[in-house]
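Chemist: Sharing a structure here in structure tokens format.
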Amino acid sequence: MTTLFHGGTIVLPDRLLTNGAVEVRDGRIAAIHESSPSNEGVDLRGRYLTPGYIDLHVHGGDGADFMDGTEDAFKTVCRAHARHGTTSLLPTTTVARQDQILAVLELCRQFHDQTTGGARSLGAHFYGPYFGREAAGCHPTASLRPPTREEFQTYLDFSDHIATATVAPELSGAEEFVHACQENAIRCNVGHSHCTFEEMENAVQWGVRHVDHLFCAMSDRARLRQSQTYPMRGGVMEATLFFDELTTEVIADGKHLQRELLQLAYKIKGPDRLALVTDCNRALDMPDGEYLFGPLEGGEPILRRDGVGIMPDGKSLASGVVGMDHCVKTFHELTQVSLPEVIRMASLTPAKIAGREDEIGSIEVGKRADLLIQSSDLEIEAIFLDGKELNLSLRKSE
């Protein structure tokens, strides 16, 4: 089956192609035309055709969390984020009991390359319980623990269905965990850590190549585990910006980070080493109120208020509550970075970080036809997965 998308602006990795056309055949991008060879097919009517978004860091949506551990919850989250333009994602775990984490990994195995009715699962982002206690954020602290071979080997039995794994380098057993992940083709991140610059340098030498949500739940020179006040020492933040080997991500919801921090991240890391993520919890598309972050049993109470998750005391943030469409629009509006680069940070760059750039992430010949039709103000109007339109009730971004 062949479908031609024509009559609009195609967002390619490095440029906008006006009045071009994209030919899709059997679920793949078969050709990109500088001008349309036909008026048959899908008429974009002046709108944008973009690659589908890819979310490396997402917990829940529409009242469900991946940590609920059920098929229904898994599908609910995937459908919720597809409505906001995400066609592929990494189901992200939280700090929890071993059996609760294993239930999510089992679901990632079950839904590997299987339909969810929404976004495609690329494999789990194993996220927690190996966090630094001082940097736990909204994660429940009772289940925090350092990695041990006895425990993490159980998780690595699912290595074919784990895309990335996060660890705080200061924990005992962290190096062994990173090496074990590498042996099983799992990419390693640093996150929720108050380690020093030197410990980050060690982690880079171990093979860590990504840092979770820049500026959030991490050490800097003012938040280090140190008794002396001089000389000043760097932490995770400074190391992330310093090491070219490290990619990173920002929660561009307009609540976590102000304009200048988004601009700083972009200026130093650039669009090929900076991804947009939602870090979204179950309160996506839900009314303001009280929710649980993580599993229904043992999760952390949080509030949805003013377009973001916050802790009940109102003193700190607790993940995001908006979709990737909102993050793309917000980053674009606040930074004035070009549209192809912003779209790239939500598609091709995360695809590369997840090791899936050969298949998805951009409008290029041979790749899966995961496509979005968007209005001139970047509202999602249609979603295509493998060239087939998803039948979803679209909701406007906030």
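Chemist: Once you have a ≥ b ≥ c as the square roots of the Cα gyration tensor eigenvalues for segment 160-200, tell me rounded if a/c is under 1.5, and otherwise prolate or oblate according to whether a/b is larger than b/c.
Modeler: It is prolate, given that a/c is not under 1.5 and a/b is the larger ratio.
Chemist: To check you understand DSSP bridge types, tell me what percent of the beta bridges within the chain (both residues inside) are antiparallel, rounded to 5.
Modeler: Here the share of antiparallel DSSP bridges comes out near 55 percent.
Chemist: Roughly speaking, what is the stretch gain from T154 to R305, that is 0.36 nm per residue apart minus the C-alpha to C-alpha distance, in nm to one decimal?
Modeler: My answer for the length gained is 50.6 nm.
Chemist: Now for a different question. Using DSSP to define loop residues, name the GluC sites (Glu not before Pro) in segment 254-350 whose beta-carbon has at most 15 other beta-carbon atoms within 10 Å.
Modeler: E297
Chemist: Right, next: Starting from the amide H of V211, placed 1.01 Å from N in the peptide plane, find each other amide H under 5 Å away whose residue is 5 or more places distant or on another chain.
Modeler: V190, T247, T248, E249
Chemist: With every protein chain left in place and a probe of 1.4 Å, what is the accessible surface of T116, to the nearest 10 Å²?
Modeler: 10 Å²
Chemist: So who's got an amide H within less than 5 Å of the one on I162, skipping anything under 5 residues away but keeping other chains? H placed 1.01 Å off N, in plane.
Modeler: Here A124 satisfy the definition.
Chemist: Follow-up question, since we're still on this one. Which lysines does K315 reach when only Cα atoms under 28 Å apart count, and residues fewer than 8 places away in its own chain are ignored?
Modeler: K255, K329
Chemist: Another question about this same structure. Could you state the accessible area per residue of segment 70-132 in Å², with a 1.4 Å probe and every protein chain left in place? Intermediate values should be presented prior to the final figure.
Modeler: Details: 1560 Å² over 63 residues.
Counting only protein heavy atoms, the per-residue value for segment 70-132 is 25 Å².
Chemist: Now a separate question. Short version: ³J(HN,Hα) in whole Hz for each residue of segment 112-118, in order, from phi by Karplus 6.51 cos²θ - 1.76 cosθ + 1.60 (θ = phi - 60°), x for Gly and Pro, what are they?
Modeler: 4, 6, 10, 6, 10, x, x
Chemist: Another one. What is the Cα centroid distance between segment 221-297 and segment 71-104, reported in whole angstrom?
Modeler: That distance is 21 Å.
Chemist: Relative to the longest principal axis of the C-alpha atoms of the chain, give the angle of the C-alpha long axis of helix 98-110, reported between 0 and 90° and rounded to the nearest 10°.
Modeler: Between helix and principal axis, roughly 20 degrees.
Chemist: Now, a different point. Note down the nm distance, to one decimal, between modelled labels 7 Å out along Cα→Cβ at L261 and at D358.
Modeler: Distance between the two pseudo-spin positions: 3.7 nm.
Chemist: Is segment 241-395 best put as rounded, prolate or oblate by its Cα gyration tensor, with a ≥ b ≥ c the root eigenvalues, rounded for a/c under 1.5, and otherwise prolate when a/b is larger than b/c, oblate when not?
Modeler: Numbers: a/c = 1.73, a/b = 1.27, b/c = 1.36.
It comes out oblate by the Cα gyration axes.
Chemist: Which ³J(HN,Hα) values in Hz, rounded to whole numbers, follow from the phi angles of segment 345-358 under the Karplus curve 6.51 cos²θ - 1.76 cosθ + 1.60, where θ = phi - 60° and Gly and Pro get x?
Modeler: 3J(HN,Hα) across segment 345-358, in whole Hz: 5, 9, 9, 5, 4, x, 4, 5, 4, 7, x, 10, 5, 6.
Chemist: How much accessible area does K388 have with a 1.4 Å probe, in Å² rounded to the nearest 10?
Modeler: Per-residue accessible area (K388): approximately 150 Å².
Chemist: Semi-axes of the equivalent ellipsoid of segment 333-398: what are they in whole Å, largest first, if each equals the square root of 5 times a C-alpha gyration tensor eigenvalue?
Modeler: Computed over segment 333-398, the values are 20, 19, 10 Å.
Chemist: Once R0 is set to 45 Å, what does the formula 1/(1 + (r/R0)^6) return for the Cβ-Cβ distance between R97 and N19, expressed as a FRET efficiency to the nearest 0.05?
Modeler: In this case the efficiency is close to 0.25.
Chemist: Which values, in whole Å and largest first, are the semi-axes of the equivalent ellipsoid of segment 229-285 obtained as the square root of 5 times each eigenvalue of the Cα gyration tensor?
Modeler: For segment 229-285, the semi-axes come out at 24, 15, 11 Å.
Chemist: I would also like to ask the following. Nearest 10 degrees, 0 to 90: what angle lies between the long axis of helix 197-206 and the longest principal axis of the chain (Cα atoms)?
Modeler: 60 degrees
Chemist: Can you list the GluC sites (Glu not before Pro) in segment 16-119 that are in a DSSP coil and have 16 or fewer other beta carbons within 10 angstrom?
Modeler: Sparse-neighbourhood loop GluC sites (Glu not before Pro): E34, E40.
Chemist: For segment 13-140, count all C-alpha to C-alpha pairs, find those more than 17 Å apart, and express that count as a whole percent of the total.
Modeler: The answer is 64 percent, as a whole percent.
Chemist: Can you run phi through the Karplus equation (6.51, -1.76, 1.60; θ = phi - 60°) for segment 239-256 and list ³J(HN,Hα) in whole Hz, with x for Gly and Pro?
Modeler: Residue by residue, segment 239-256 yields 5, 4, 6, 7, 7, 5, 5, 8, 8, 8, 8, 10, 8, 9, 8, x, 10, 6 Hz.
Chemist: Let me ask you something else. Multiplying the sequence separation of A31 and E106 by 0.36 nm and subtracting their Cα-Cα distance, what value in nm do you get? Let's see the in-between values first.
Modeler: Details: separation 75, 0.36 × 75 = 27.00 nm, distance 3.73 nm.
Gain on extension, A31 to E106, equals 23.3 nm.
Chemist: Helix-only estimate, please: 222 nm mean residue ellipticity of the chain, summing -39500 (n - 2.57) across DSSP H runs of length 4 or more and dividing by its residues, to the nearest 500.
Modeler: Value at 222 nm, helices only, nearest 500: -7000 deg cm²/dmol.
Chemist: Relative to 2.2 N^0.38 Å, what does the C-alpha radius of gyration of the chain come to as a ratio? Two decimals please.
Modeler: 0.95
The values are calculated or read from the model by the stated rules, or taken from the named source; none is laboratory data. Computed from a predicted model, the values in this text were never measured in an experiment. As a convention, Cβ positions derive from the backbone with ideal geometry for all residues, glycine included, and neighbour counts pool all protein chains shown. The accessibility values were calculated without ligands, DNA or RNA, using every heavy atom of the protein model including side chains. Shrake-Rupley method; radii C 1.70, N 1.55, O 1.52, S 1.80 Å.
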